[in-house]
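Data block below; observations after.
The values are calculated or read from the model by the stated rules, or taken from the named source; none is laboratory data. This structure is a prediction, so every number in the text was calculated from the model and none was measured. A quick note on method: Cβ atoms are made from the backbone with ideal geometry, for glycine too, and the neighbour counts reach across all protein chains shown.
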Amino acid sequence: MSLDTPRRVEVERKTLETQIRVSLNLDGQGQACFKTGVPFLDHMLDQVARHGLIDLDIEAVGDLHIDAHHTVEDLGITLGQALAQALGDKKGIRRYGHAYVPLDEALSRVVIDLSGRPGLVYQVEFTRSLIGSFDVDLFQEFFQGLVNHAGMTLHIDNLRGTNAHHQAETIFKAFGRALRMAVEPDPRMAGITPSTKGAL
């Protein structure tokens, strides 16, 4: 997809476990609307949209009567597919992004390479297993699904924190900021693929 055309996509994923629709605009204003049935994840995705300046509209219906696992994982998958489609051939983008974000006592670092190669390094030890009713193990499932389908290398490190809500929020804010940097047009790379291979 050329940087001269709007980087907007809509992706739907339907399985026996979930039905998900993601509308994404990489060149947005940070506007967001979420109806996933998983309120704390909605709160975290809002951080990505606001701090990444990405317009994001997500609807999901999943088998929440079992638990949130399938819904959260499939949201990551579908968002990853949307990112891959919106980025197209990736010509002219910065490719790399990074951010450190604090929130009171918590601090997280996120580093992104839109390499075309899926890889997740996830170094996070939450201080408790639940935030409200949300199982924090599902964050890793979300990001794994995302990187697998976006073709992204993603390093997430929570460097410190005692409040699990703060830990999670710094991760998602940092992810949004790092993603914003990585997808930005680089005026010095106009029309050029940011790789010595000539393709990503």
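Data overview
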{"read-out": "Pair list, Cβ under 6 Å, 6 or more apart: segment 186-200 residue under 11 Å from R94 (Cβ atoms), other residue part of a loop (DSSP other than H, G, I, E, B)", "value": "D186/R94; M189/G92; P194/R95"}
{"read-out": "Tally, over segment 27-57, of residues that are farther than 19 Å from P102 by Cα and small (G, A, S)", "value": "4"}
{"read-out": "Residue in segment 22-34 that is closer than 18 Å to S133 by Cβ, among the β-branched types (V, I, T) and either surrounded by 21 or more Cβ atoms within 10 Å (Cβ to Cβ) or at pLDDT 95 or above (or both) present", "value": "no"}
{"read-out": "Enumeration of residues in segment 1-47 that are under 28 Å from T193 (Cα atoms) and assigned to a loop (DSSP other than H, G, I, E, B)", "value": "M1, S2, L3, D4, T5, P6, R7, L26, D27, G28, Q29, G30"}
{"read-out": "Residues located in segment 3-18, provided they are surrounded by fewer than 16 Cβ atoms within 10 Å (Cβ to Cβ) and either under 23 Å from H70 (Cβ atoms) or hydrophobic (A, V, I, L, M, F, W, C) (or both)", "value": "E10, E12, K14, T15, L16, E17"}
